[in-house]
Amino acid sequence: MIRLYDYALSGNCFKVRLLLSWLDLEYETRLVDFYPGFEHRSDTFRKINPLGQLPVIEIDGQLIRDAQAILIYLATTRDPLGQWCPMDRIGPIYQWLAFADSITGTISAARLHDAMFFRLDVDKARAGGVQLLRILDDHLWFAEWAGQDWIIAGEHPTIADIACFPYVALAEEGGIDLAPYAAIQRWTDRFMRLPGFAPMAGMMPLPLPKEART
């Protein structure tokens, strides 16, 4: 049985729950009171993850820490069809997983400041988030122009989409306006329409401006 150390309002935990669901894997949840309890900083939890970060999964007698690492592990060992991490596209996928880490350090940080009152340089976090959104929006626009729906070329989304999606979709909780990014809006809409998708709290579909629908 897979055990997931989880927090309901964490975008990084959400991406792992999504993949577990789409792979139809059974798992049990151990809830960690990230906020307001700060249980992730406790001595007990630091025995599970010395970095004090979520999510963590326990599987086959080992602990796997870091959301992106967990996505890679599940997609390469538990997906018999190889759809979520195709080996012929693993290089670009890894590049976008690194990009997702940058999203966590900027957009997610701004959200922590606004929604959970963490003390940090929120202006710097928002500025970094805006820069990343511009990069992602440009990439998605050119992908659409080439007839592609997802971050990595192919008919099926990959863990690159899962990794980048949550905190992009939650950017407005960190005071970052998504309205200027029409290609991102179309991508998030496509993602949320995938069979079996269930949003986490705070994720609402954004109305597309008229010019973005055409």
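Readers should treat all values here as calculations from the given coordinates under stated rules, not as data from a laboratory. Model, not experiment: these values are computed from the prediction. All Cβ positions, glycine included, derive from the backbone under ideal geometry; neighbour counts span all protein chains shown.
Tabulated data for the structure shown
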read-out: For the chain, built as a Gaussian network whose Cα springs stay under 10 Å, the top-fluctuating residue of PRO36, PRO92, PRO55; value: PRO36
read-out: Cβ-Cβ FRET estimate between HIS156 and ALA69, R0 fixed at 25 Å, reported to 0.05; value: 0.70
read-out: Sum of -39500 (n - 2.57) over DSSP H runs of 4+, divided by residues of the chain (222 nm, nearest 500); value: -14000 deg cm²/dmol
read-out: Cα-based equivalent ellipsoid of the range 41-111: semi-axis lengths in Å, sorted from largest, via gyration tensor; value: 24, 19, 7
read-out: Candidates per trypsin sites (Lys or Arg not before Pro) in the range 1-50, loop by DSSP, up to 10 other Cβ within 10 Å; value: LYS47
read-out: Helix runs (DSSP H) in the chain reaching 30 Å along axis by Cα, Kyte-Doolittle at least -1.0; value: 122-145
read-out: The range 89-207 - charge dipole about Cα centre, Lys and Arg +1 at Cβ, Asp and Glu -1, debye rounded to 20; value: 140 debye
read-out: Pairwise centroid distance, computed over Cα atoms, of the range 48-98 with the range 145-173, Å; value: 16 Å
read-out: Net charge dipole size for the chain [Lys, Arg +1 and Asp, Glu -1 on Cβ; Debye, nearest 20]; value: 220 debye
read-out: In order through the range 47-58: 3J(HN,Hα) via Karplus (6.51 cos²θ - 1.76 cosθ + 1.60), integer Hz, x for Gly, Pro; value: 6, 8, 9, x, 7, x, 10, 10, x, 9, 10, 10
read-out: Hydrodynamic radius of the range 12-146 per Kirkwood, over alpha carbon pairs, in Å; value: 16.8 Å
read-out: Loop-located GluC sites (Glu not before Pro) in the range 118-207 whose Cβ has at most 13 other Cβ within 10 Å (DSSP); value: GLU155
read-out: Cα lying deepest toward the dipole's positive end in the range 2-77, options ILE59, ILE70, TYR27, charges on Cβ; value: ILE70
read-out: Extreme residue, positive dipole direction of the range 84-214, given options GLY105, LEU170, HIS156 (C-beta unit charges); value: LEU170
read-out: Projected area, mean over directions - the range 2-77, Cα convex hull, nm²; value: 4.6 nm²
read-out: Rounded to 5, the percent of DSSP beta bridges in the chain classed as antiparallel; value: 60 percent
